[in-house]
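The values are calculated or read from the model by the stated rules, or taken from the named source; none is laboratory data. Quick caveat, the model's predicted, so the values are computed rather than measured. Methodologically, a virtual Cβ is constructed for each residue, glycine included, from the backbone with ideal geometry; neighbour enumeration extends over all protein chains shown. The protein model used for the area step is the full one, side chains on, heavy atoms only, and it has no ligands, DNA or RNA in it. Shrake-Rupley method; radii C 1.70, N 1.55, O 1.52, S 1.80 Å.
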Amino acid sequence: MMTARTRLGLAGALLLVLVAAGFASAFAVQRAGLKKLEHSFPTMGTGAAFTFWGAPEKAELAAKNGRAEFDRVVRACNLYDPESELAKLNRSAAEAPFGCSDELWVLLSEARQAYEFSGGAFDITAKPLMDLWGFYRRRGDSLPSEAEIAEAKKRVGLDKVVFDDEKQTVKFTVPGMAFDLGGIAKGYAVDQAAEAALQAGIRRGVIDLGGNLRLLPEPPPGKPFYRVGIRNPKNRDELLPEPLELRNASVSTSGDYERYVTIGKQRYGHIMNPKTGLPTQADYSVTVIAPSAMLADWLSTSVFLEGEELGERAEREFPGVQVIFSTAP
């Protein structure tokens with residue numbers, strides 16, 4: 001295991017960056033007869049960016065179709081759009097079983113696996129706690145009381161949800177429960193955009209959704225790999241030494257310093273521990289390298305909450321997974 005950086009053999013936005021030295025020079029791109037296309041846009045509460053190398057028409061198609069995939073996931077999973085499938089589920093699942101689309105069922109099935117693997121640390125029902133602590137609406141300067149936290153926790157726990165796998169339905173057993181797929185939907189969207197790029201004939205490129213990265217199978221022209229830097233958990237303007245050298249992989253980092261709320265001059269990170277009802281306050285980050293962005297997304301959050309033992313278990317149970325704990329130098 002490596003600490004600071006330690007490699008074990010909330011995805012947070014922009015905790016990972018592509019290091020310029022890992023990209024191809026303009027000469028190398030021209031010599032290879034490829035076009036470099038860069039496209040960035042806001043989505044899912046963060047920034048997204050595509051960087052593709054390939055024939056111009058293929059690169060443009062990959063960017064167009066990749067953005068369409070992001071838009072489709074947003075339409076299904078947006079908490080704040082009353083017409084999204086997720087919003088409709090949250091409104092009605094306490095009254096009657098809600099029938100899910102195939103795509104939403106894929107996400108919920110993955111979330112159930114994450115909940116079981118993490119021993120309840122990764123829990124898509126934590127929204128009442130996020131609401132209580134002011135992550136969606138400003139709370140003010142007073143901390144939640146123990147009684148308020150205990151009351152919110154009554155509406156948290158994936159074990160309080162009834163899933164019917166045959167009918168693909170969901171039923172909340174406690175009124176006031178709600179799903180929040182923010183810790184898993186971004187990775188899923190990245191995977192879908194990557195598949196769209198591959199189907200368009202693009203095999204060199206990077207898909208970045210708020211620091212959730214998917215590196216395509218072939219590296220930039222003239223380079224053997226992509227170089228990915230991990231931000232210093234204590235100073236977002238600095239990168240830790242020794243960037244990762246990767247290709248054909250997904251990477252996600254979770255830390256609590258990029259997104260937070262301030263209550264009474266104290267900062268609280270956005271990653272919620274559903275077991276305690278308290279947001280995290282840590283001086284480290286967790287980076288996960290995995291075959292899929294969705295797996296990297298939820299594993300980074302889970303290991304951030306549960307620690308090194310879960311990271312070691314993740315490496316044993318999921319082929320191709322590597323976990324890195326990073327602390328400030």
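List the strands (runs of 3 or more DSSP E) inside segment 167-236, counting only whole elements, that have at least 3 residues being more than 16 Å from the chain's Cα centre (by Cα).
Where strands (runs of 3 or more DSSP E) fall fully within segment 167-236 and carry at least 3 residues being more than 16 Å from the chain's Cα centre (by Cα), they are 169-172, 226-232.
If the requirement is being surrounded by fewer than 17 Cβ atoms within 10 Å (Cβ to Cβ), modelled with pLDDT of 95 or more, over 30 Å from Ala93 (Cβ atoms) and of a type outside the set (Gly, Ala, Ser), which of these qualifies: Glu166, Glu195, Glu218, Glu151?
Glu218
Checking the conditions here, which among Ala49, Ala96 is surrounded by fewer than 21 Cβ atoms within 10 Å (Cβ to Cβ) and either more than 18 Å from the chain's Cα centre (by Cα) or assigned to a helix (DSSP H, G or I) (or both)?
Ala96
State all residues of segment 292-329 that are part of a strand (DSSP E or B) and either among the hydroxyl-bearing types (Ser, Thr, Tyr) or surrounded by 24 or more Cβ atoms within 10 Å (Cβ to Cβ) (or both); if no residue qualifies, say none.
Result: Val323, Ile324, Ser326, Thr327.
Looking at segment 270-291, which of the residues that are small (Gly, Ala, Ser) and over 17 Å from the mean Cα position of the chain (by Cα) is least open to solvent (accessible area, probe 1.4 Å)?
Gly277
Give segment 144-174 a look and list any residue that's among the acidic types (Asp, Glu) and over 16 Å from Glu116 (Cβ atoms), or say none.
Those that are among the acidic types (Asp, Glu) and over 16 Å from Glu116 (Cβ atoms): Glu146, Glu148, Glu151, Asp164, Glu166.
Contact list please: Cβ distance under 8 Å, first residue in segment 269-292 and farther than 18 Å from Ser145 by Cα and among the acidic types (Asp, Glu), second residue in a strand (DSSP E or B) and open to solvent by 10 Å² or more (accessible area, probe 1.4 Å), pairs at least six apart or on different chains.
Asp283/Thr327
Taking only pairs six or more apart or across chains, which ones have beta-carbon atoms under 6 Å, a first residue in segment 243-257 that is on the phi > 0 side of the Ramachandran plot and surrounded by fewer than 24 Cβ atoms within 10 Å (Cβ to Cβ), and a second residue that is modelled with pLDDT of 90 or more and not acidic (Asp, Glu)?
Correct list of pairs: Asn248/Pro217.
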